[in-house]
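What follows is a set of notes on a single structure, which appears directly below.
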Amino acid sequence: QVQLVESGGGLVQAGGSLRLSCAASGRTFSTYAMGWFRQAPGKEREFVAAISWSGGSAYYADSVKGRFTISRDNAKNTVYLQMNSLKPEDTAVYYCAADRLLRRYVATTPSVYDYWGQGTQVTVSS
């Protein structure tokens, strides 16, 4: 079992920045691909970004490309999501997730991920 805990959410003005962190337990964290998803009220959970176990590959949703950056520090068992130029439509609960299987490409569908954090609220005001 792996436990994931998100932090760094909060209230920010449009155009501002936040950095989310996801701290993971477990000795095998470094072998897991990691993803960020978000869910706004009344909407389905959507993919935001993902990064391979090595950190060598990353993929972003078109809606955040160029604004968000995913990274990881395996020595700290932590994955990050740097969010810049935030927009009101970025408002959502953001979830960290871990995929324990080896894959050629990072996964973008929620069902693929094995472990999930409880989420952290990000609110972007106009």
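Say whether the condition of being part of a strand (DSSP E or B), under 12 Å from the mean Cα position of the chain (by Cα) and under 16 Å from residue 116 (Cα atoms) is met by at least one residue in region 56-66. Step through it out loud before you land on a result.
Just the residues of region 56-66 that are part of a strand (DSSP E or B), to begin with: 58-60.
With the extra rule that they be under 12 Å from the mean Cα position of the chain (by Cα), the set shrinks to 58-60.
Adding the requirement that they be under 16 Å from residue 116 (Cα atoms) leaves none.
So far as region 56-66 goes, no, none of its residues is part of a strand (DSSP E or B), under 12 Å from the mean Cα position of the chain (by Cα) and under 16 Å from residue 116 (Cα atoms).
Do we find that residue 122 is part of a strand (DSSP E or B), touching a Gly at 6+ places or on another chain (Cβ under 6 Å) and either modelled with pLDDT of 95 or more or open to solvent by less than 60 Å² (accessible area, probe 1.4 Å) (or both) in this structure?
Details: part of a strand (DSSP E or B): yes; touching a Gly at 6+ places or on another chain (Cβ under 6 Å): yes; either modelled with pLDDT of 95 or more or open to solvent by less than 60 Å² (accessible area, probe 1.4 Å) (or both): yes.
Criteria met by residue 122.
Being surrounded by 15 or more Cβ atoms within 10 Å (Cβ to Cβ) and of a type outside the set (Gly, Ala, Ser) is the filter here; which residues of region 8-30 pass it?
12, 18, 20, 22, 29
Taking interchain pairs and intrachain pairs at least six residues apart, which have beta carbon atoms under 6 angstrom, with the first residue in region 68-80 and within 17 Å of residue 5 (Cβ to Cβ) and the second modelled with pLDDT under 90 and among the polar types (S, T, N, Q)?
74/30
Which condition breaks for residue 33 when tested against (1) open to solvent by 30 Å² or more (accessible area, probe 1.4 Å); (2) within 17 Å of residue 113 (Cβ to Cβ); (3) among the small types (Gly, Ala, Ser)?
(1)
For region 75-102, which residues satisfy the criterion of being open to solvent by less than 50 Å² (accessible area, probe 1.4 Å), outside any loop (DSSP other than H, G, I, E, B) and not β-branched (Val, Ile, Thr)? Spell out how you get there, then give the answer.
Going residue by residue through region 75-102, those that are open to solvent by less than 50 Å² (accessible area, probe 1.4 Å) are 77-81, 83, 86, 90-99.
Next, only the ones that are outside any loop (DSSP other than H, G, I, E, B) stay: 78-81, 83, 90, 92-99.
Of everything in region 75-102, those that are open to solvent by less than 50 Å² (accessible area, probe 1.4 Å), outside any loop (DSSP other than H, G, I, E, B) and not β-branched (Val, Ile, Thr) turn out to be 80, 81, 83, 90, 92, 94, 95, 96, 97, 98, 99.
The values are calculated or read from the model by the stated rules, or taken from the named source; none is laboratory data. Keep in mind that what you see is a predicted model, and the values were worked out from it rather than measured. A quick note on method: Cβ atoms are made from the backbone with ideal geometry, for glycine too, and the neighbour counts reach across all protein chains shown. Areas reflect the complete protein model, heavy atoms only, side chains present, ligands, DNA and RNA absent. Shrake-Rupley method; radii C 1.70, N 1.55, O 1.52, S 1.80 Å.
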